[in-house]
Amino acid sequence: MEWRGARRSGNIEDRRGMGRVGIAGGGIGAVVLAAIGYFVFGIDPQTTMQVTEHLQGQTQQEVAEGQVKDPNGQFVDAIETSNTAVWGPIFAKQGVQYAPPESVVIYDNATRTGCGTGQSAMGPFYCPADRKVYLDLTFWNELESKYGAKGEFARAYVISHEVGHHVQTLLGASQEARRMGAQGAESGAVRLELQADCYAGVWASHAGETSNGQIVIRPGDIEDGLGAAAAVGDDTIQSRTQGRVVPDSFTHGTSEQRMRWFTRGYERGEPSVCDTFSASRL
């Protein structure tokens, strides 16, 4: 994957090395993030609440915003900027102006969010309350070592999936998902995640043309992305961690579903094909 010459907007908040920070206001914010951790990531809410209580009362240090100098930060910047370049024209065709995420926050350990205290154990996530994407970049190591998903495009898929959640917030899909339930093979949560996978595919389909050739995605890169999608399927994770698959507790969809919906978005390049909420077959 080529990306180093691509434009970077600097829509980054670099909070790395700032230590532990508390949440603004506590209480309801902690509950919101606990719910996100449970329903979207399968994390025990008590774990999130305990981390929140431990960090409560500590203050946020000054955040470094703008251009980041290290390759990992620059990569995140380039992919988020590319997503904006892709989604802007798509929204414009519908007569709507696309508003990118407020920022992508790069942090380590834990950080304050509009949804409560984010923690690295949750993996990458999007907070609809403040419309920011949160990434602890140590997840890249886990993605490769724990999930076997290698290559830069696997990381680009993750970032674009989270931006996909932002697109859903703008379009109202997140509200629809909540009405359809938070767990289960046909739940709103699964439909939300599969649609975000499809949106990541839409980004990949247009990344090259909207970057004036500065981002180049090759067939081998797509294979890396499919490997990442397969690695984080509910059935794959459950088989590895508990030795059995429980569809009633699904929150993201199976490996096959995640690969198929990403491929659908990539091959068709149109967000209209990503309507998982009315799909008869997930």
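According to the square roots a ≥ b ≥ c of the eigenvalues of the Cα gyration tensor, what is the shape class of the range 69-214, taking rounded for a/c under 1.5, prolate for a/b larger than b/c otherwise, and oblate for the remainder? Because its axes are fairly even, with a/c under 1.5, the range 69-214 counts as rounded. Note on Glu2, Glu162: ascending count of other Cβ atoms within 10 Å places them as Glu2, Glu162, the fewest first. The range 137-157 and the range 190-231 have Cα centres separated by 14 Å. With a Förster radius of 41 Å applied to the beta-carbon distance between Gln214 and Met180, the computed FRET efficiency rounds to 0.55.
Quick note: the coordinates plus some simple rules give every number you see, no bench work behind them. All values reported here derive from a predicted model rather than from experimental measurement. Note that each Cβ is placed from the backbone with ideal geometry, even for glycine, and that neighbours are counted across all protein chains shown.
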